[in-house]
1. How high is the relative contact order of the range 49-131, in percent, with contacts defined as C-alpha pairs under 8 Å that are six or more residues apart?
2. Go ahead and collect, in residue order, the members of the range 23-51 whose backbone nitrogen is under 18 Å from a label point 7 Å along the Cα-Cβ direction of Ile73.
3. How large is log10 I(q)/I(0) at q = 0.21, 0.26, 0.32, 0.34 Å⁻¹ when the Debye formula is applied to the Cα atoms of the range 45-84, each weighted equally and without solvent?
4. For the range 1-76, just list the percent of Cα-Cα distances falling in each 5 Å bin from zero outward, please.
5. To the nearest 20 Debye, how big is the dipole of the range 56-120 about its Cα centre, given +1 on the beta carbon of each Lys and Arg and -1 on that of each Asp and Glu?
6. Take the Cβ-Cβ distance between Asn119 and Gln8 as r, set R0 to 22 Å, and report the resulting FRET efficiency rounded to the nearest 0.05.
7. Based on DSSP H runs of at least 4 residues, each adding -39500 (n - 2.57), what is the mean residue ellipticity at 222 nm of the chain after dividing by all its residues, to the nearest 500 deg cm²/dmol?
8. Using a 10 angstrom cutoff on alpha carbons, build the Gaussian network for the chain and name the most mobile of Leu117, Leu91, Leu46.
Amino acid sequence: MTTHWLPQLDPQSPTPIYEQILEAVAIAVSTGALRAGDPLPSIRQLATELRLNPNTTARALRALEREGLIRGIRGIGTVVTDDAAELAGPLASQALRRELTAAVDIARRMGLGWKELRNALKEEWEDKHVD
């Protein structure tokens with residue numbers, strides 16, 4: 001079982017790793033990369049694949065369970081819940097807002113105005129978004 005839906009984690013980020021995992025799962029659910037009933041790797045598998053302490057991985061999975069995005073099923077493992085698509089939106093939006101806030105903070109420290117920030121965002125969007 002792979003975690004192709006999980007982006008590269010950033011150990012230098014002020015956001016704790018377990019929150020990065022929580023938000024990554026929320027984004028994956030929001031985008032359809034993970035769907036109701038899809039299995040997640042076990043704590044040990046996820047920790048090994050991501051090269052994390054199993055306690056960090058367990059904390060992330062507990063947070064996902066608290067948020068209602070996943071649930072453990074005896075004999076099957078951890079799966080995405082039926083309600084995950086509805087519950088993931090606010091968590092994914094929270095991740096986006098945090099990243100946008102960081103970008104705005106950097107732009108302000110650089111002395112850029114709204115037009116320069118907007119142009120940089122537009123360029124980035126066009127570089128990454130092919131219609």
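The values are calculated or read from the model by the stated rules, or taken from the named source; none is laboratory data. Just so you know, these numbers come straight off a predicted model, no measurement behind them. Methodologically, a virtual Cβ is constructed for each residue, glycine included, from the backbone with ideal geometry; neighbour enumeration extends over all protein chains shown. Areas reflect the complete protein model, heavy atoms only, side chains present, ligands, DNA and RNA absent. Shrake-Rupley method; radii C 1.70, N 1.55, O 1.52, S 1.80 Å.
1. Numbers: 30 pairs, mean separation 11.4, N = 83.
RCO, the range 49-131: 14 percent.
2. Output list for this probe position: 29, 34-43.
3. -0.68, -0.91, -1.03, -1.05
4. Pair shares across the bins are 3, 16, 28, 31, 17, 5, 1, 0.
5. Here the size comes out at about 300 debye.
6. Details: r = 26 Å, r/R0 = 1.20.
The formula returns an efficiency of 0.25 here.
7. Theoretical 222 nm ellipticity from helices: -19500 deg cm²/dmol.
8. Fluctuation is largest for Leu117.
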